[in-house]
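Derivation of every value follows stated rules applied to the coordinates shown; laboratory data play no part. A quick note: this is a predicted structure, and the numbers were derived from the prediction, not measured. Neighbour counts are summed over all protein chains in view; Cβ atoms, including those assigned to glycine, are modelled from backbone coordinates with ideal geometry.
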Amino acid sequence: MNKNSVYIETYGCQMNFADTELVMGILKTQGYELAKQIEDANIILLNTCSIRDNAEQKIYSRLEHLRGIKRRKSGTVIGILGCMAERLRKNLIEEKKVVDLVVGPDEYRRLPEFIDTAFSGEKGIGVKLSRTETYDDINPYREDGLSAFISVMRGCDKFCTYCVVPFTRGRERSRSLNSITDEINNLSARGFKEVTLLGQNVNSYNDGGNDFADLLAASAKIDKQMRIRFTTSHPQDLSGKLLNTIAEHDNICNYIHLPVQSGSNRILELMNRTYTIEHYLKLIDQARAIIPGVSFSTDIIAGFPTETEDDHKMTLDVMRKVRYDGAYMFKYSAREKTKAYEMADDITDEIKGRRLNEIIDLQHEVSYEINQSMIGKEEVLLVEGNSKKSDEFLAGRTDTNKMVVFPKAEGISEGDYVKVKISRATSGTLFGDVI
Ligand code: SAH
Ligand code: SF4
Ligand code: F3S
């Protein structure tokens, strides 16, 4: 075993996955090896998420398991990175003796230093947030592949009242447009076919001279064969300029993740989401007019404090009006430090669960209907590889982010664009044949 061999597990959002690549980039240049198996590592890092209580519980049970590994192999360093590190700081070390290292999202440059501290027998703690750190100059470590995530900004200034992200990721700051386009250029040269530009709130990207529409346009021009995706869009900053930019470039995908959170204006106000449902629906209409065929997905929270049965019905109502192609749906989870934490978490778990199920059922119904209506249509897919269920089928995604499974055919492989005709559909998957 190499003395410094690192194994990293990543939890949470795509930004955490992108951060793990940054961390691997930093460690690689400092001479660390990246272990493929946890048994081969003497440094085990968990890049963690704090968004809901159950995300943190997952990490606690993982730590119990790692305690066993550490017992068998003394000298193993165990570290917590990411949002839980930032939220719990030294409490994490005091409560969980198995943890040697706690490093938050803005201190990854100093990770090698903290690892040394841990090896010397002390605890390594780095949890300062920064107003300027963007890791602009760090080369993330990526295996060759088809699709890459690029963080274009960090932090969030929106302070939705339920959300812990502004506390774990700090203030909003953007990378320079040039460093991002350089990175896309390199990915294109390596054969990547898709990049997803990431930010908690990408629409408010601003590097001092360029806004997000400028960044999208510059990214799209680099390689016309490369698909450009982006997430997450906040309804407050989805400008007409941005919508027009998406429409003008064929390789910017016609898919917008536009979380609505709730259908009730009263709840939206309590959430500090800064838009009304009327404004939100108008935006959807405007986007559909400018980008024909655009698809939408959303995030929804069930059981925010004081949510009534009527508020909940308004959420279902908005889902029926918009007819989202997909949705990420959650039970409200009270998070310390947030404004909503001061409100009573007064919706019982049972009611949250029932409302969430109604939301999930409705979304399945809508997804099924939308997918059924695609039967007979022709779609261009980027082939991603074998289908999950069978090696005799390939799977690829449409521009609008729908997965299509089709029988293997001569001369078609991963990374190709193919045209298929949709023949069958479930709520989650489309099936088709190459034409
Ligand atoms: N920046 C993005 C995503 C933030 S986290 C955005 O603004 O949409 C992803 C989703 O988790 C949020 O959209 C929200 O639906 C959900 N979420 C955040 N905090 C939550 C909480 N305390 N309880 C339940 N769901 C939450
Ligand atoms: Fe959280 Fe709101 Fe920021 Fe999204 S926009 S990360 S939900 S505070
Ligand atoms: Fe979780 Fe942090 Fe992302 S809280 S959702 S990992 S920004």
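Could you tell me whether the stretch 5-126 comes out rounded, prolate or oblate from its Cα gyration tensor? Rule is a ≥ b ≥ c as square roots of the eigenvalues, rounded for a/c under 1.5, then prolate if a/b exceeds b/c, otherwise oblate. List each step's numbers first, then the result.
On the way: a/c = 1.29, a/b = 1.07, b/c = 1.20.
Rounded is the answer for the stretch 5-126, as its axis ratio a/c remains below 1.5.
The order of 227, 397, going from fewest to most other C-beta atoms within 10 Å of their C-beta, is 397, 227. Hand me the tally of lysine pairs in the stretch 5-126: alpha carbons under 26 angstrom apart, and the pair either on different chains or 8 or more positions apart. Lysine pairs satisfying the spacing and distance rule in the stretch 5-126 number 27. What is the stretch 73-164 by shape, rounded, prolate or oblate, if you read a ≥ b ≥ c off the alpha carbon gyration tensor as root eigenvalues and call it rounded for a/c under 1.5, prolate for a/b larger than b/c, and oblate otherwise? The shape class here is oblate.
Counting Lys and Arg as +1 and Asp and Glu as -1, each charge on the Cβ, what is the dipole of the chain about the Cα centre in debye, to the nearest 20? Walk me through the intermediate numbers first.
Details: 59 positive and 65 negative charges, 133 e Å.
So the dipole magnitude of the chain works out to roughly 640 debye.
Each residue of the stretch 245-252 is assigned a 3J(HN,Hα), and the resulting list reads 4, 4, 5, 6, 10, 4, 8, 8 Hz, derived from the Karplus form 6.51 cos²θ - 1.76 cosθ + 1.60 (θ = phi - 60°), x at Gly and Pro.
Using Cβ counts within 10 Å as a stand-in for footprinting exposure, how do 233, 176 rank, fewest first? Let's see the in-between values first.
Values: 233 22, 176 17.
Ranking 233, 176 by Cβ neighbours within 10 Å, fewest first, gives 176, 233.
The order of the peptides 106-112, 283-289 by mean Cβ neighbours within 10 Å, most packed first, is 106-112, 283-289. Residue 169 sits among other residues whose Cβ lies under 14 Å from its own Cβ, and their net charge, with Lys and Arg +1 and Asp and Glu -1, is +2.
Under 1.5 on a/c is rounded, so check that first for the stretch 378-434, then, if it is not, pick prolate when a/b is larger than b/c and oblate when it is not; a ≥ b ≥ c are the square roots of the alpha carbon gyration tensor eigenvalues.
Working: a/c = 1.43, a/b = 1.18, b/c = 1.21.
It comes out rounded by the Cα gyration axes.
At 222 nm, what value in deg cm²/dmol follows for the chain if DSSP H runs of at least 4 each add -39500 (n - 2.57) and the sum is divided by all its residues, to the nearest 500? Calculated at 222 nm, the ellipticity per residue is -11000 deg cm²/dmol. Footprinting exposure proxy ranking of 136, 391, fewest other C-beta atoms within 10 angstrom first, gives 391, 136.
The stretch 7-41 and the stretch 144-178 have Cα centres separated by 19 Å. Taking the Cα centre of the stretch 378-434 as origin and assigning +1 to Lys and Arg Cβ atoms and -1 to Asp and Glu Cβ atoms, the resulting dipole is close to 260 debye.
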